[in-house]
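Just below is one structure, and these are the notes that go with it.
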Amino acid sequence: MPTSATREQLISRARRVYAKKKLGQNFFVDPERLQRIVDSLDLNPQDHIVEIGPGLGFLTEVLAETGNQVTAIELDRELVDNFRSRLPANVNLIHGDFLDFDLLSLNPKPTKIIGNVPYQITSPIMAHVFGEIGEPSAWYSNISCVVMTIQLEVADRLIAKPGSKAYSHLTILKEYLFDAEILFKVPPLSFFPVPEVTSAVVRLTPLAKPPVEPTDMKMFRKVLAAGFKQRRKMIKNNLRFLKINEIEISKIMREAGINPSARAEDLSIRQFAVLSDAFSELTVENSGS
Ligand code: SAH
């Protein structure tokens with residue numbers, strides 16, 4: 001049934017449930033793209049895959065055909081019961097919240113993650129999978145590949161370059177923890193119910209090591225948070241918490257080769273690290289004298 005399921009068959013199955021908007025329930029009813037998503041994982045036979053939010057199992061069924069072991073975590077009890085009745089043998093379906101699921105509780109440990117995820121919680125999902133800046137998740141080094149369908153606008157933020165509108169705190173998180181590529185776009189009609197936005201399938205790959213190693217991680221995180229809180233403001237005006245006067249900040253920026261009137265969205269992760277190091281040196285000096 002799964003390989004031969006047509007778009008019409010998937011839609012008719014999706015029509016039989018009430019889709020909960022609050023849980024981001026838009027079911028993926030495009031068989032050709034479902035196959036491309038699964039292919040994007042580059043599976044080895046021993047890979048154990050975790051799927052985020054299987055819903056009615058449309059992606060899971062294509063995934064299960066690879067013969068790989070799959071653990072699917074779904075929050076909605078009704079959908080768990082629905083899918084349970086025709087669960088493929090190599091799929092373990094768990095009723096739970098992915099956002100507080102301990103991936104290392106699984107045996108064997110999962111190696112890849114996939115999901116057409118609820119868009120309201122895309123950023124928390126990425127934080128749960130990869131961790132935070134300076135604090136990779138406990139399973140970070142076990143995961144070799146993550147393929148997710150997300151809103152195109154968020155995908156654009158992941159791959160944004162400094163100076164562009166899409167460049168944001170999420171871009172920096174990505175720069176620090178993983179590599180991202182947009183594989184292909186997904187039109188609204190690939191889903192039922194049809195969402196308002198265009199989506200994109202992205203492949204995220206954890207980095208072997210972070211690109212910068214700021215001396216004071218707390219300072220680095222604070223500078224980033226302050227900078228992006230009001231991204232249209234000049235960064236020197238966002239750094240009041242440092243209790244360093246503006247002239248001093250401008251001087252540090254100039255010495256670091258950064259335009260003193262730069263905004264957070266203009267700075268690369270390396271420049272943020274340079275600034276953070278200069279600030280921590282100065283605050284140590286100040287507290288020492
Ligand atoms: N993957 C399916 C369904 C996509 S809709 C498909 O491609 O057709 C998103 C799914 O995520 C829904 O089934 C929703 O109930 C589930 N979900 C929402 N929040 C979740 C959470 N915190 N943990 C696990 N699943 C969640």
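Every number here is computed from the coordinates shown, using simple stated rules; none is lab data. This structure is a prediction, so every number in the text was calculated from the model and none was measured. Ideal geometry is used to build each Cβ from the backbone, glycine not excepted, and the neighbour counts take in all protein chains shown.
In percent, how large is the relative contact order of the range 7-206, given Cα pairs closer than 8 Å and 6 or more residues apart?
About 21 percent, as a whole number.
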| said: Checking the table Lys22/Lys229; Lys20/Lys218; Lys21/Lys112 against a 32 Å threshold on Cα-Cα, which pairs fail? | reply: Lys20/Lys218
| query | Computed FRET efficiency, Cβ-Cβ of Asp102 and Ile247, R0 35 Å: what is it to the nearest 0.05? | reply | 0.10
| note | Calculated from DSSP helices alone, with each H run of at least 4 adding -39500 (n - 2.57) and the total divided by the residues of the chain, [θ]222 nm to the nearest 500 comes to -10500 deg cm²/dmol
| query | In the neighborhood of Val194, defined by Cβ-to-Cβ distances under 13 Å, what is the net charge if each Lys or Arg adds +1 and each Asp or Glu adds -1? | reply | +1
| message | When a/c reaches 1.5 or more, the comparison of a/b and b/c decides; with that in mind, is the range 161-289 rounded, prolate or oblate per its Cα gyration tensor? | response | prolate
| message | Out of all DSSP beta bridges in the chain, what portion is antiparallel? Express it as a percent rounded to 5. | response | 50
| message | What does the net charge come to around Phe98 if you take all other residues with beta carbon closer than 15 Å to its beta carbon, with K and R at +1 and D and E at -1? | response | -4
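Determine the gain in length on full extension of the stretch Ser85-Leu207; use 0.36 nm per residue of separation and subtract their C-alpha separation, reporting nm with one decimal. The partial results should precede the final answer.
Values: separation 122, 0.36 × 122 = 43.92 nm, distance 3.90 nm.
So the extension gain works out to 40.0 nm.
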| Where nothing but the Cβ of Lys and Arg (+1) and of Asp and Glu (-1) is charged, how large is the charge dipole of the range 217-288 around its Cα centre, in debye to the nearest 20? | 420
| said: Taking a virtual spin label 7 Å from the Cα of Lys109 along the C-beta vector, which residues in the range 46-79 bring their backbone nitrogen under 20 Å of it? | reply: 46-52, 69-73
| Using a cut-off of 19 Å between alpha-carbon atoms, which aspartates and glutamates can reach Lys165, once sequence neighbours fewer than 8 places away in the same chain are excluded? | Glu153, Asp156, Glu175, Glu181, Glu265, Asp266
| task | Please sort through the DSSP H helices of the chain and keep those with an alpha-carbon extent of at least 27 Å along the long axis and a Kyte-Doolittle average not below -1.0. | result | 269-288
| request: Quickly work out the Ala5-to-Arg240 label distance, labels modelled 7 Å from Cα along the C-beta direction, and quote it in nm with one decimal. | output: 5.4
| query | Residues with beta-carbon under 12 Å from that of Ser40, excluding Ser40: net charge, scoring Lys, Arg +1 and Asp, Glu -1? | reply | +1
| task | Take the Cβ-Cβ distance between Arg77 and Lys161 as r, set R0 to 45 Å, and report the resulting FRET efficiency rounded to the nearest 0.05. | result | 0.55
| message | Checking the a/c ratio against 1.5 first, then a/b against b/c, what shape does the Cα gyration tensor give for the range 7-206? | response | oblate
| Between Ser144 and Glu255, what FRET efficiency comes out of the Förster formula 1/(1 + (r/R0)^6) with R0 = 41 Å and r the beta carbon distance, rounded to 0.05? | 0.55
| query | Points 7 angstrom from Cα along the Cβ direction at Lys21 and Arg36: gap in nanometres? | reply | 2.9
| query | Scanning the chain for GluC sites (Glu not before Pro) in DSSP loops with at most 14 other Cβ atoms within 10 Å, what's the longest stretch left with none? | reply | 66-195
